[in-house]
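Engineer: Okay, handing you the structure first.
The values are calculated or read from the model by the stated rules, or taken from the named source; none is laboratory data. Here the structure is a predicted model, which is why all the values come from computation and not from measurement. We place every Cβ from the backbone using ideal geometry, glycine too, and count neighbours over all the protein chains shown.
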Amino acid sequence: MSNKINKKIIIPDRESRKMIFSSLPESGEKIDTADLEAAIMVFETSEKIQNALHLHFSRYGFTQARFIVLLTMLAGKNGQYSPLELAERIGVRPPTMTGILDGLVKEGFIERIADASDRRRVNLSLTPKGKKKITAAMPDHFKKISSAFGNLQKRKNLEMLKEITAEINSSLLLLTESLP
């Protein structure tokens, strides 16, 4: 697993932003550059979160998606799910899940088992190798997450974070509301 960070949000530097903001065309409605700077802060933070998660999960030899699939399988239903159930549980589309599962099968962490009652269906099962790998990673993973984000759980910080997150989610809805 590479430690290369492969996701980059392209944001102009501060000097370029000043030039861009000063050259905004007049549209009759005043654009507050502080609003644009707030959006850039959110974008930069989003990129930092994605990059940190990529590096964090790569220490265990996983992508975030593969880690979450194995964790979900370990936590429920005796480690057995259908691909559709897993896709719904972790919030990805079935074609995306297929790619995630293909990699986990190839590495021997899960196996596909034909459904005894319907040969068209496939069930997934966590292999002993997969169980060992995810079980070994869990204590360190949860310790690191707790250590990294423990300061946010203080009541005051948590409430503020909930409010900010709600505002960001509302902003994202506004940004995408007129898409086809």
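Engineer: Restricting attention to region 27-69, which residues are of a type in the set (Gly, Ala, Ser) and not in a helix (DSSP H, G or I)?
Structural biologist: Ser27, Gly28, Gly61
Engineer: Quick check on region 77-108: of everything there that is in a loop (DSSP other than H, G, I, E, B) and among the small types (Gly, Ala, Ser), which residue is farthest from Asn123 (Cα to Cα)?
Structural biologist: Restricting to residues being in a loop (DSSP other than H, G, I, E, B) and among the small types (Gly, Ala, Ser), the top hit is Gly91.
Engineer: Looking at (1) free of Cβ contacts under 8 Å to residues at least 24 places away in the same chain; (2) assigned to a loop (DSSP other than H, G, I, E, B); (3) of a type in the set (Val, Ile, Thr), which is the one condition that is false for Thr72?
Structural biologist: (2)
Engineer: For the structure I just gave you, tell me whether Ser147 is farther than 23 Å from Ser58 by Cα, small (Gly, Ala, Ser) and loosely packed, with under 11 Cβ neighbours inside 10 Å.
Structural biologist: No: the conditions fail for Ser147.
Engineer: Right, next: Of Lys106, Lys129, which residue is within 25 Å of Lys143 (Cα to Cα), modelled with pLDDT of 95 or more, of a type outside the set (Asp, Glu) and over 22 Å from the mean Cα position of the chain (by Cα)?
Structural biologist: Lys129
Engineer: Scan region 39-58 and tell me whether some residue there is closer than 30 Å to Ile110 by Cα, modelled with pLDDT of 80 or more and of a type in the set (Phe, Trp, Tyr).
Structural biologist: yes
Engineer: All but one of (1) free of Cβ contacts under 8 Å to residues at least 12 places away in the same chain; (2) closer than 26 Å to Phe57 by Cα hold for Leu173; state the number of the condition that does not hold.
Structural biologist: (2)
Engineer: Can you name the residue in region 109-124 that is assigned to a strand (DSSP E or B) and not aliphatic (A, V, I, L, M) and, of all such residues, is modelled with the lowest pLDDT?
Structural biologist: The selected residue is Asn123.
Engineer: Would region 66-75 turn up any residue that is exposed (fewer than 14 other Cβ atoms within 10 Å of the Cβ) and among the basic types (Lys, Arg)?
Structural biologist: no
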